[in-house]
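K.L.:
I'd like to ask you about the structure that follows.
The values are calculated or read from the model by the stated rules, or taken from the named source; none is laboratory data. Predicted model only: the values in this text are computed from it and were never measured. Every residue, glycine among them, receives a Cβ derived from its backbone with ideal geometry; neighbour counts consider all protein chains shown.
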Amino acid sequence: MIWEGLLHSYSQIFFSLDKAFAIVLLVCSFIDPYVGVSAIVAGLIAILMAYFLGFDHKNIREGMYSFNSVMVGMVMAVYYDMNVPFVLLLILMSVFTLFFTLAINAQFSKYGLPIMSTPFLFGVWTVLLVGREFGGLQLTERGIYTINELWAYGGEALVNFYEKVDNLPIPDILDVYLRSLGAIFFQFNILAGLVIMIGLIRFSRIAFVLSLIGFFSGYLFFGFMQGQFSHLHYSYIGFNFILSAIALGGFFTIPSRGTFIMVALASPVIAILIAAIGNVFAVVQLPIYSLPYNVLVLVTLYVLKLRLAPKGLTPIVEQSYSPEINLYRFLNQQERYANDTYFHIYLPFYGEWTVSQGHDGEITHKGEWKEAFDFVIEDETGKTYRSPGTQLEDFYGFNRPVVAPQAGYVVAVENEVEDNGIGEVNLHQNWGNTVIIRHGEGMFTKLSHLKKGSVKVAVGDYVKKGQVVAALGNSGRSPEPHIHFQMQATPYIGSKTMKYPVAYYMEKTEKGQKFHAFDYPQEGQTISNVKVDSLLKKAFNLIPGMVLNLESDGKKFKWEVFTDAYNSTYIYCHETEALAYFVNNETLFYFTRFIGDKKSPLFEFYTGAYKVMLGFYRNLKVTDHFPVNDIYSGFLKGLLDIASPFYPVVKAEYEICYDEIDDSLEAEWMKLSSSLKVKALGNVQRQKDFRIELGPNGLSKFSVGKDGNEKVFICEVR
């Protein structure tokens with residue numbers, strides 16, 4: 001944890017948890033060895049103190065508590081020679097900056113704001129002010145005679161290399177950009193800038209492009225306004241442009257055309273802040289360092305939180321520490337969970353029913369009550385009754401069970417309204433016999449026109465999803481038996497309706513069954529709840545502790561199911577150390593994230609079983625969208641990364657088909673097939689095919705590729 005926390009103390013400065021990038025930055029800090037050593041010591045002291053005091057291990061491991069101390073250590077080595085007073089002050093200031101970090105974080109978190117590098121600013125200003133009083137601290141002459149220092153480290157070869165790099169024939173604006181990159185780690189030379197730039201490109205193409213846009217727009221604005229370029233050349237304070245651009249454009253908001261425009265407009269504001277704050281701090285002879293960047297980013301984030309209806313700029317809720325992953329996860333979730341809801345509401349009946357009136361219905365679903373559904377049972381001719389149709393008992397839906405659409409507590413019951421004769425209505429007791437169930441704060445469902453005396457629950461009862469609560473009757477404003485079903489935000493029988501989708505249901509069509517997820521049943525559709533198949537349910541009921549042993553071409557793989565600290569369940573491959581996170585909500589099994597080696601067989605299973613509906617309907621096809629960042633790598637992925645904030649060039653479409661099942665009521669074997677199609681500008685560029693076979697014990701075989709060229713994995717579940 002200590003070593004990991006130290007590495008992330010460097011990468012956190014660029015909003016990253018990429019260890020390779022962290023190593024590049026750490027090595028870069030040693031271009032001036034004194035700076036490198038001082039930074040490491042400061043980081044280790046902060047980490048050990050945070051660990052000793054019992055603070056959050058996750059934050060320690062991610063460098064959140066120590067990256068400000070690392071930067072303070074760098075500045076101290078830039079200003080002072082190393083001696084005993086220096087070491088003592090370094091230790092104390094590392095702890096002091098840690099405490100500042102913890103205190104500021106406690107306050108900023110109340111407003112949902114990050115600490116940025118504000119603890120560093122307080123720490124480094126404290127160091128520079130006390131340095132004027134403590135005679136034991138000696139100002140260093142390092143950096144004044146750089147060539148002599150390089151000669152001492154590496155002789156003539158190192159001097160020649162340094163001069164060749166530092167005198168590259170490049171435009172002034174690019175020269176200052178590279179030196180500004182190096183200045184983030186207090187290395188004011190092109191070599192450091194080049195090393196950091198290469199690491200930045202490897203870590204994130206989006207962050208790199210943002211850094212260019214941010215720096216160049218700020219630099220050009222400075223020139224247009226005839227500003228004093230000494231502000232940008234002296235200590236290369238232009239790194240404020242770079243860090244602000246990455247923070248606002250790709251870390252705290254989803255990268256998009258809007259964020260790129262924001263970055264281009266924000267950099268001139270940074271230039272204004274550099275000029276204004278620089279003049280104020282010149283009076284007290286203190287450098288402003290990253291103050292403009294902190295002010296702009298914190299103010300911008302706070303203002304974005306004040307919006308009543310967020311548009312254009314989308315804040316990041318779950319941080320991935322990568323602009324690309326943040327973007328691709330957001331795009332995938334937009335397509336995959338467009339209408340997903342917190343409360344999953346199902347249909348309130350068994351079997352197939354027809355929507356006789358949907359939202360905005362022509363009969364009674366008007367005004368405040370327009371977002372409701374009416375359901376009846378029809379025969380093959382479209383009739384809702386058997387002849388002669390004059391008695392309630394003639395209607396197919398009458399006396400059928402009405403079930404709870406989701407678990408909850410009963411909050412209202414009406415059970416004494418007489419049922420109408422056919423064609424009659426009761427306008428005085430409009431809703432008739434009714435049950436209202438509370439599923440959560442602001443989420444209620446109402447079931448109306450129930451049969452008198454049939455309600456089986458009372459106010460205060462807890463009901464499970466699918467539990468029978470009453471039988472259908474013909475009470476209230478109901479000329480013939482039908483279920484009135486609505487969602488509402490309040491617990492009263494007369495409450496207005498609320499537009500809310502049905503979680504999962506099947507629609508009967510001329511071509512067979514069609515699966516709907518978080519959709520609104522339409523008038524005339526014949527629909528039903530998903531009938532979960534016992535074999536599918538068993539095969540994908542992957543509970544913690546379960547082990548799947550796979551074998552292919554003599555190679556064996558052990559997959560084990562675990563649950564992490566956040567109660568998220570995943571499959572872990574012991575041989576490849578890959579992880580695949582998944583969700584099973586009893587209707588769908590689907591993967592949410594893959595971490596690790598994509599050559600692992602677990603990645604093939606993650607791709608082939610990306611989404612499995614747990615009911616078998618022959619020839620049914622269920623589709624989904626696959627995250628494109630899991631597909632490409634190398635140069636092509638780099639191009640895709642740069643283009644994706646502006647236009648989604650590539651899409652990956654997943655499809656699974658339910659092929660075969662044995663004839664028994666309790667199936668013993670089943671075959672499914674799935675495919676992944678990668679489309680660029682609408683044309684299929686790549687396709688991958690999979691087959692999944694289930695046996696009495698669950699998953700029995702999994703294969704990748706087409707017939708004759710398949711890689712087969714035999715599975716044993718225990």
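K.L.:
Across region 603-653, what is the number of residues that are without any contact (Cβ under 8 Å) to a residue 40 or more places away in the chain and either part of a loop (DSSP other than H, G, I, E, B) or of a type in the set (Phe, Trp, Tyr) (or both)?
P.N.:
Adding up the residues that qualify gives 7.
K.L.:
Could you check, for region 237-252, whether at least one of its residues is closer than 30 Å to LEU640 by Cβ, assigned to a loop (DSSP other than H, G, I, E, B), at pLDDT 90 or above and not assigned by TED's automatic domain parsing to the domain that holds VAL75? Don't jump to the end; show me each part of the working.
P.N.:
First, the residues of region 237-252 that are closer than 30 Å to LEU640 by Cβ: 238-252.
Restricting the remaining residues to those that are assigned to a loop (DSSP other than H, G, I, E, B) gives 238, 252.
Cutting the leftovers down to at pLDDT 90 or above gives us 252.
Next, from what is left, pick out any that are not assigned by TED's automatic domain parsing to the domain that holds VAL75: 252.
Yes, some residue in region 237-252 is closer than 30 Å to LEU640 by Cβ, assigned to a loop (DSSP other than H, G, I, E, B), at pLDDT 90 or above and not assigned by TED's automatic domain parsing to the domain that holds VAL75.
K.L.:
Here is a follow-up. State whether the residues of region 573-591 include one that is assigned to a strand (DSSP E or B) and in contact (Cβ under 8 Å) with a residue 60 or more places away in the chain.
P.N.:
So in region 573-591, the residues assigned to a strand (DSSP E or B) come out as 573, 579-584, 588-591.
Remaining after also requiring in contact (Cβ under 8 Å) with a residue 60 or more places away in the chain: 588.
Yes, region 573-591 contains at least one residue that is assigned to a strand (DSSP E or B) and in contact (Cβ under 8 Å) with a residue 60 or more places away in the chain.
K.L.:
Same structure again: Only one of these is surrounded by fewer than 16 Cβ atoms within 10 Å (Cβ to Cβ) and within 22 Å of the chain's Cα centre (by Cα): ASN332, ASN326, ASN339. Name it. Quick ask: steps written out before the conclusion?
P.N.:
On the way: ASN332 fails: surrounded by fewer than 16 Cβ atoms within 10 Å (Cβ to Cβ); ASN326 fails: surrounded by fewer than 16 Cβ atoms within 10 Å (Cβ to Cβ).
ASN339 is the lone residue from the list that is surrounded by fewer than 16 Cβ atoms within 10 Å (Cβ to Cβ) and within 22 Å of the chain's Cα centre (by Cα).
K.L.:
Among the residues of region 558-605, how many are touching a Cys at 6+ places or on another chain (Cβ under 6 Å) and not polar (S, T, N, Q)? Give the derivation first.
P.N.:
In the first step, residues of region 558-605 are kept if they are touching a Cys at 6+ places or on another chain (Cβ under 6 Å); the result is 559, 600, 602.
In the following step, the residues that additionally are not polar (S, T, N, Q) were identified as 559, 602.
So the count comes out to 2.
K.L.:
Something else: Can PHE343 be described as aromatic (Phe, Trp, Tyr) and outside the structural domain of ALA489 (by TED's automatic domain parsing)?
P.N.:
Numbers: aromatic (Phe, Trp, Tyr): yes; outside the structural domain of ALA489 (by TED's automatic domain parsing): yes.
It is true that PHE343 is aromatic (Phe, Trp, Tyr) and outside the structural domain of ALA489 (by TED's automatic domain parsing).
K.L.:
Yes or no: ILE91 in a helix (DSSP H, G or I) and either free of Cβ contacts under 8 Å to residues at least 60 places away in the same chain or surrounded by fewer than 22 Cβ atoms within 10 Å (Cβ to Cβ) (or both)? Talk me through it step by step, then tell me what you get.
P.N.:
On the way: in a helix (DSSP H, G or I): yes; either free of Cβ contacts under 8 Å to residues at least 60 places away in the same chain or surrounded by fewer than 22 Cβ atoms within 10 Å (Cβ to Cβ) (or both): yes.
Considered against the rule, which asks whether it is in a helix (DSSP H, G or I) and either free of Cβ contacts under 8 Å to residues at least 60 places away in the same chain or surrounded by fewer than 22 Cβ atoms within 10 Å (Cβ to Cβ) (or both), ILE91 comes out as yes.
K.L.:
A follow-up question, please. If you go through region 46-87 one residue at a time, how many are of a type in the set (Val, Ile, Thr) and under 10 Å from LEU6 (Cα atoms)?
P.N.:
3
K.L.:
Restricted to region 196-221, and to residues that are under 21 Å from LYS19 (Cα atoms) and among the small types (Gly, Ala, Ser), which residue is surrounded by the fewest Cβ atoms within 10 Å (Cβ to Cβ)?
P.N.:
Among them, the one singled out is GLY199.
K.L.:
Would you please name the residue that is nearest to ILE201 (Cα to Cα), looking only at residues in region 17-59 that are under 32 Å from the mean Cα position of the chain (by Cα) and among the β-branched types (Val, Ile, Thr)?
P.N.:
VAL24
K.L.:
OK, next. Looking at this structure, is ILE147 in a helix (DSSP H, G or I) and either in contact with a Gly (Cβ under 7 Å, 6 or more places away or on another chain) or modelled with pLDDT of 65 or more (or both)? Talk me through it step by step, then tell me what you get.
P.N.:
Working: in a helix (DSSP H, G or I): yes; either in contact with a Gly (Cβ under 7 Å, 6 or more places away or on another chain) or modelled with pLDDT of 65 or more (or both): no.
Criteria not met by ILE147.
K.L.:
Out of everything in region 657-710 that is over 32 Å from the mean Cα position of the chain (by Cα) and assigned to a strand (DSSP E or B), what residue ends up being farthest from ASP630 (Cα to Cα)? Give the derivation first.
P.N.:
Just the residues of region 657-710 that are over 32 Å from the mean Cα position of the chain (by Cα), to begin with: 659-671, 695-697, 700, 706-710.
Those still in the list that are assigned to a strand (DSSP E or B) too: 659-661, 670-671, 695, 700.
Working: ASP659: 27, GLU660: 30, ILE661: 32, MET670: 28, LYS671: 26, GLY695: 30, SER700: 26 Å.
Going through the qualifying residues, I end up with ILE661.
K.L.:
Here is a follow-up. So for region 384-398 (the condition being among the aromatic types (Phe, Trp, Tyr), assigned to a loop (DSSP other than H, G, I, E, B) and not assigned by TED's automatic domain parsing to the domain that holds ALA458), does at least one residue qualify?
P.N.:
no
K.L.:
Anything in region 440-468 that is crowded, with 23+ Cβ neighbours inside 10 Å and either among the aliphatic types (A, V, I, L, M) or over 43 Å from the mean Cα position of the chain (by Cα) (or both)? List them, or say none.
P.N.:
Listed by number, the residues that qualify are LEU447, LEU450, LYS451.
K.L.:
From (1) over 14 Å from VAL463 (Cβ atoms); (2) modelled with pLDDT of 95 or more; (3) surrounded by 17 or more Cβ atoms within 10 Å (Cβ to Cβ), pick out the condition that doesn't hold for PRO405.
P.N.:
(1)
K.L.:
Test GLU362 against the stated conditions and say whether it is under 16 Å from GLY524 (Cα atoms) and either surrounded by fewer than 17 Cβ atoms within 10 Å (Cβ to Cβ) or β-branched (Val, Ile, Thr) (or both).
P.N.:
Values: under 16 Å from GLY524 (Cα atoms): yes; either surrounded by fewer than 17 Cβ atoms within 10 Å (Cβ to Cβ) or β-branched (Val, Ile, Thr) (or both): yes.
Judged against the criteria, GLU362 is a match.
K.L.:
Please find, within region 534-576, the residue that is nearest to the chain's Cα centre (by Cα) out of those that are acidic (Asp, Glu) and either under 16 Å from LYS711 (Cβ atoms) or modelled with pLDDT of 95 or more (or both). Steps first, answer last, please.
P.N.:
The initial filter retains those residues of region 534-576 that are acidic (Asp, Glu), namely 551, 553, 560, 564, 575.
From what is left, the residues that are either under 16 Å from LYS711 (Cβ atoms) or modelled with pLDDT of 95 or more (or both) are 551, 553, 560, 575.
On the way: GLU551: 33, ASP553: 37, GLU560: 24, GLU575: 27 Å.
Only one residue tops the list, namely GLU560.
K.L.:
Something else about it: Does GLY421 satisfy the condition of being in a loop (DSSP other than H, G, I, E, B), out of contact with any strand residue (DSSP E or B) (no Cβ under 7 Å at 6 or more places or on another chain) and either within 18 Å of LYS370 (Cα to Cα) or at pLDDT below 95 (or both)? Working first, answer last.
P.N.:
On the way: in a loop (DSSP other than H, G, I, E, B): yes; out of contact with any strand residue (DSSP E or B) (no Cβ under 7 Å at 6 or more places or on another chain): yes; either within 18 Å of LYS370 (Cα to Cα) or at pLDDT below 95 (or both): yes.
Yes: the conditions hold for GLY421.
K.L.:
While we're on this one: Residues in region 632-677 that are of a type in the set (A, V, I, L, M) and modelled with pLDDT under 90: how many?
P.N.:
From region 632-677, those of a type in the set (A, V, I, L, M) are 636, 639-640, 642-643, 649-650, 652, 656, 661, 665, 667, 670, 672, 676; that's our starting set.
Retained after the next criterion (residues that are modelled with pLDDT under 90): 636, 639-640, 642-643, 649-650, 652, 665, 667.
Of the residues in region 632-677, 10 are of a type in the set (A, V, I, L, M) and modelled with pLDDT under 90.
K.L.:
Taking interchain pairs and intrachain pairs at least six residues apart, which have beta carbon atoms under 8 angstrom, with the first residue in region 53-69 and not assigned by TED's automatic domain parsing to the domain that holds LEU17 and the second of a type in the set (Gly, Ala, Ser) and buried (at least 24 other Cβ atoms within 10 Å of the Cβ)?
P.N.:
Between residues of region 53-69 that are not assigned by TED's automatic domain parsing to the domain that holds LEU17 and residues that are of a type in the set (Gly, Ala, Ser) and buried (at least 24 other Cβ atoms within 10 Å of the Cβ), there is no close pair.
K.L.:
Another question, then. Run ILE493 past the list (1) over 32 Å from the mean Cα position of the chain (by Cα); (2) surrounded by 22 or more Cβ atoms within 10 Å (Cβ to Cβ); (3) not charged (D, E, K, R) and report the number of the one that doesn't hold.
P.N.:
So the condition that ILE493 fails would be (2).
K.L.:
Hey, another quick one. State the number of residues belonging to region 6-20 that are surrounded by fewer than 24 Cβ atoms within 10 Å (Cβ to Cβ) and assigned to a loop (DSSP other than H, G, I, E, B).
P.N.:
3
K.L.:
For region 411-437, enumerate the residues that are closer than 26 Å to PRO501 by Cα, β-branched (Val, Ile, Thr) and surrounded by fewer than 20 Cβ atoms within 10 Å (Cβ to Cβ).
P.N.:
Of all residues in region 411-437, those closer than 26 Å to PRO501 by Cα come to 411-414, 430-437.
So of that shortlist, the ones also β-branched (Val, Ile, Thr) come out as 411, 413, 434-437.
Correct list: VAL411 only.
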